[in-house]
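Engineer: Shown below is the structure under consideration.
The values are calculated or read from the model by the stated rules, or taken from the named source; none is laboratory data. Computed from a predicted model, the values in this text were never measured in an experiment. All Cβ positions, glycine included, derive from the backbone under ideal geometry; neighbour counts span all protein chains shown. For the accessible areas, the whole protein counts, side chains as well, though only heavy atoms, and no ligand, DNA or RNA atoms are used. Shrake-Rupley method; radii C 1.70, N 1.55, O 1.52, S 1.80 Å.
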Amino acid sequence: MATGATPRRFSAGSGPAVQGEVAGRGQGQQIVLCHGLTATRHSVVHGSRALERAGHSVLAYDARGHGESEPAPAGGGYGYPELVDDLESVVETAVGEGRFVLGGHSMGAHTAIAYAMRHPNRLAGLVAIGPSYAGSIPAGSLEYWDGLASALVEGGVEGFVGYIDAAQAVDPAWRDSVLRFTRERMLRHRDLKAVAAALREVPRSRPFGDLEELGSIEVPALVVASHDAADPGHPYETAAAYAEHLPQARLVSEAEGHSPLAWQGGRLSREIAGFARGLF
């Protein structure tokens, strides 16, 4: 398939229906990508087609309540058990049989890890980009997420961006970039109330118990860390701890003072492609 070809759309599940797309028809590993909280499927590798050019079939989808996907149904929620259920529907619908590489950023990384624990024999490899859950849920962090949700409900996208600007300790050198791509990703959502609900519920949900449980994941793993000056919400030390506890993990990051690797779609894709190539 030519790299410029239109991705193939799919819908998985029915309560809610999750929307996604598959790009590429190469002979390499199938790669499934899960995005972070308040992001969409476009935000994991930021539009890069390097994975498809490397011969991989790449599947990305919008989590429930995000992007084009439906919100949680009445009586449902946005916790990690539900997010993993949705990922199971996506795999059943669009991946089929056989092992695949599963990766995700932040919430998506936690979802991928919880899936790996639920399905220990399904993955060929795991990619955890910017994990932030460290085995506990600090009360102070919940105040931040609740404030962010309120800002979104009361002020829309601009209220959300303004709260990020006021509350996050981002180095001034990165402020304009952070606010720009924050605004861009928020404009992709169809249902801001659903995103606000996810903001209140996801941070209260535990994808697993403590970091010691990562030792049960016996597949090769790539952990992507970012330095804290640009991305304090995804602490470098947390990613390093994941790499330490995952039995077959390698840690990669950008050089200090450079744009976070998680923000560099092309370079991040090449890191994932190199990792996947080593799994054959």
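Engineer: Could you order 107, 117 by accessible surface area, starting with the largest, using a probe radius of 1.4 Å?
Structural biologist: Values: 107 10, 117 55 Å².
These residues rank, largest area first, as 117, 107.
Engineer: Toward the positive end of the charge dipole of the chain, about the Cα centre and with charges on Cβ (Lys, Arg +1; Asp, Glu -1), which of 59, 133, 145 goes farthest?
Structural biologist: 59
Engineer: Let's see if you can work this out: charge +1 on each Lys and Arg Cβ, -1 on each Asp and Glu Cβ, no other charges. What is the dipole magnitude of segment 193-249 about its Cα centre, in debye to the nearest 20?
Structural biologist: Dipole size: approximately 440 debye.
Engineer: Same structure again: Could you tell me the distance between the Cα centroids of segment 171-202 and segment 102-128, to the nearest Å?
Structural biologist: 23
Engineer: May I ask you to derive the FRET efficiency for residue 142 and residue 279 from their Cβ-Cβ distance with R0 = 45 Å, giving the value to the nearest 0.05?
Structural biologist: Efficiency at R0 = 45 Å is approximately 0.75.
Engineer: I would also like to ask the following. Once you list every other residue whose beta carbon is under 13 Å from the beta carbon of residue 125, what net charge do they have if Lys and Arg are +1 and Asp and Glu are -1? Working shown, then result.
Structural biologist: On the way: positive: 99, 122, 250, 277; negative: 218, 271.
Net charge around residue 125: +2.
Engineer: How about segment 206-279: which chymotrypsin sites (Phe, Trp or Tyr not before Pro) there are in a DSSP loop, with at most 12 other Cβ atoms within 10 Å of their Cβ?
Structural biologist: Those that pass, being in a loop and sparsely packed, number zero.
Engineer: Roughly speaking, what % of Cα-Cα pairs in segment 10-133 are separated by over 18 Å, rounded to a whole number? Mind showing how you got there, number by number?
Structural biologist: Details: 3506 of 7626 pairs.
Considering segment 10-133, 46 percent of its Cα-Cα pairs are separated by more than 18 Å.
Engineer: For segment 41-130, with only Lys/Arg (+1) and Asp/Glu (-1) charged at the beta-carbon, what is the dipole magnitude about the Cα centre, in debye rounded to 20? Spell out each step's value before the answer.
Structural biologist: Working: 7 positive and 10 negative charges, 82 e Å.
Dipole about the Cα centre, nearest 20: 400 debye.
Engineer: Let's see if you can work this out: charge +1 on each Lys and Arg Cβ, -1 on each Asp and Glu Cβ, no other charges. What is the dipole magnitude of the chain about its Cα centre, in debye to the nearest 20?
Structural biologist: Value, rounded to 20: 980 debye.
Engineer: Let me ask something else about it. Give me the compactness ratio for the chain, meaning the Cα radius of gyration over 2.2 N^0.38 Å.
Structural biologist: Computed over Cα atoms of the chain, the ratio equals 0.93.
Engineer: At 0.36 nm per residue, minus the direct Cα-Cα distance, what do residue 74 and residue 244 gain on full extension? Give it in nm, one decimal, please.
Structural biologist: Taking residue 74 through residue 244 to full extension adds about 57.2 nm, to one decimal.
Engineer: Next question. Which of 34, 5, 120 sits closest to the plus end of the dipole of segment 1-152, meaning its Cα is farthest towards the positive end, when Lys and Arg get +1 and Asp and Glu get -1 on the C-beta?
Structural biologist: 5
Engineer: Picking from 243, 169, 63, which is most flexible by a Gaussian network model of the chain using Cα springs under 10 Å?
Structural biologist: Largest GNM mean-square fluctuation: 169.
Engineer: Using only Cα atoms, figure out Rg for segment 105-235 and give it as a multiple of 2.2 N^0.38 Å.
Structural biologist: 1.14
Engineer: With the dipole of the chain worked out from charges on the C-beta (+1 for Lys and Arg, -1 for Asp and Glu) around the Cα centre, which of 22, 262, 232 lies farthest toward the positive end?
Structural biologist: After comparing all options, I get 22.
Engineer: Restricting to DSSP loop positions (anything but H, G, I, E, B) with no more than 13 other Cβ atoms inside 10 Å of their own Cβ, which GluC sites (Glu not before Pro) remain in segment 76-157?
Structural biologist: Passing both the DSSP loop test and the Cβ count: 97.
Engineer: Now for a separate question. For segment 162-247, what are Rg and Dmax over the alpha carbons, in angstrom?
Structural biologist: Rg, Dmax (Cα atoms, Å): 16.0, 42.
Engineer: While we're on this one: Would you mind telling me the antiparallel percentage of the DSSP bridges in the chain, rounded to 5?
Structural biologist: Here the antiparallel bridges make up roughly 25 percent for the chain.
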